[in-house]
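One structure below.
The values are calculated or read from the model by the stated rules, or taken from the named source; none is laboratory data. No experiment lies behind these values; they were computed from the predicted model shown. Quick reminder, even Gly has a Cβ in these numbers, built from the backbone with ideal geometry, and neighbours come from all protein chains shown. Heavy atoms of the whole protein, side chains included, go into the accessibility calculation; ligands, DNA and RNA do not. Shrake-Rupley method; radii C 1.70, N 1.55, O 1.52, S 1.80 Å.
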Amino acid sequence: MDNLLLTIEVLLLVSFSAICSGLNVALMSLSASDLQRKAKLGDIQAKRVLPFRTNSHLALASILFANVGVISASSLVLETRFNGLAAGLISTFLIVVFGEVLPQAWFARYALNFCARFAPLLKLMVIVTYPVSKPLQLLLDKIIGHEASQLHSRGELGMIINEHLGPGASELDEGEVEIMRGALSLSQKRVRDIMTPVTKVYWLTPDVLIDADRIDEIKAHNWSRMLVCNEDLTECLGVLLMKDMVDIDFDERPYRVSELPLHPTRMVGSMTALDTLFRRFIAAHTHMMPVERDDKVVGIVTVEDLIEEILGHEIEDEADYTGHG
């Protein structure tokens, strides 16, 4: 009977030590920032664990005091049956294997789940050890300070997003991942990387005559917007829209470009970052901007070019299927 009672006492003490040891590793392995995000999204487990992780020094001190107390108690219990050396060896073996190594490995794998499950016990440990753990917490806060929020770098965010392309059960599909990767790289790319060179752009000067033949040419190439610049490409006068010429009868007489309504546009530098370009498009209320370098127009960039860069593939419209450029 005495042996059975001793076995039960040792099992209870080692089990409690295992819980303390596992909680210690599991709690500190959780990121406070991740818990805050999950709690805001309604995760019940994160809400239970967040107060302990936020006040980690108090929780840590409480767990360690409780664990040390249990380890000391297990040695005292074993000494009633064995001599000091044997009791110390048996206690050390049980605590290291079953009270430290195994629970830490197990709890670390399911950290949030175990911390949430044992949150009431952790709260009880804080209350019981409060007279000694609270002063230690205040000392640690003063010496070490509170844990700063950790933000991911651009490279780390890219790696996190890429992990969702694997075979795991991600909520994101491949298209969503590609869009996030494209948006994340906008600030690292420049307008010159996506612009259309002016040598490939159909542009007009103010004195060009627009007649029926030229209108047919514009329709054949499916041009909806045309850049209007001076001969030297040092000044952009605006953008001529095809829709503004639909009701004009060019069979009666030709019109010079300067006689037609031109829409103002803003120049953008070739070295402008694409995230800045995105804001420029919103502010300018336009779909196309001339690109300048060294005070000269060197190309154009459109909203479509920017969207294609974010999506990671080309957007094909009706003209691409009918053979028009």
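Summary of values
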| item | result |
| --- | --- |
| VAL298 long-range amide H proximity, modeled H, under 5 Å | VAL291, GLU292, ARG293 |
| Helix-only [θ]222 nm of the chain, DSSP H runs n ≥ 4, -39500 (n - 2.57) each, per residue, nearest 500 | -17000 deg cm²/dmol |
| Kirkwood estimate for the chain, i.e. one over the average of 1/r between Cα atoms, Å | 26.4 |
| Residue-level accessible surface for ASP216, protein heavy atoms, 1.4 Å, Å² | 90 |
| For the stretch 214-219, 3J(HN,Hα) per residue [Karplus equation, 6.51 cos²θ - 1.76 cosθ + 1.60, θ = phi - 60°, Hz, x = Gly/Pro] | 5, 5, 4, 5, 5, 5 |
| Cα-projected label distance for LEU184 with MET245, points at 7 Å along beta-carbon direction, nm | 4.5 |
| Charge context of THR302, other residues only, Cβ under 10 angstrom, K/R +1, D/E -1 | -2 |
| Loop chymotrypsin sites (Phe, Trp or Tyr not before Pro), the stretch 249-295 (other Cβ atoms within 10 Å of the site Cβ: 16 or fewer; DSSP) | PHE250 |
| Contact order relative to length of the chain, as percent, for alpha carbon pairs under 8 angstrom and 6 or more apart | 16 |
| Segment ALA105-TYR130, length gained on full extension (0.36 nm per residue, minus Cα span) | 6.2 nm |
| Sites matching trypsin sites (Lys or Arg not before Pro) across the stretch 237-288 that sit in DSSP coil, with at most 13 neighbouring C-beta atoms within 10 Å | ARG266 |
| Theoretical FRET efficiency, 1/(1+(r/R0)^6), r = Cβ-Cβ of GLN150 and LYS200, R0 56 Å, to 0.05 | 0.75 |
| The stretch 210-325, dipole about Cα centre (Lys/Arg Cβ +1, Asp/Glu Cβ -1), debye to the nearest 20 | 520 |
| The stretch 244-309: GluC sites (Glu not before Pro) in DSSP coil with no more than 14 other Cβ atoms inside 10 Å | GLU252 |
| Relative contact order computed over the stretch 228-322 (Cα-Cα under 8 Å; 6+ residues apart), in percent | 22 |
| Phi-based couplings in Hz for the stretch 248-254 (Karplus 6.51, -1.76, 1.60; Gly and Pro marked x) | 8, 8, 7, 6, 5, 6, x |
| Paired Rg and Dmax values of the stretch 6-76, which use every Cα atom, in angstrom | 14.9, 47 |
| Those lysines that a straight Cα-Cα span of less than 29 Å connects to LYS243, excepting residues fewer than 8 apart in one chain | LYS200, LYS219, LYS296 |
| Accessible surface of VAL132 - all protein chains present, 1.4 Å probe, nearest 10 Å² | 80 |
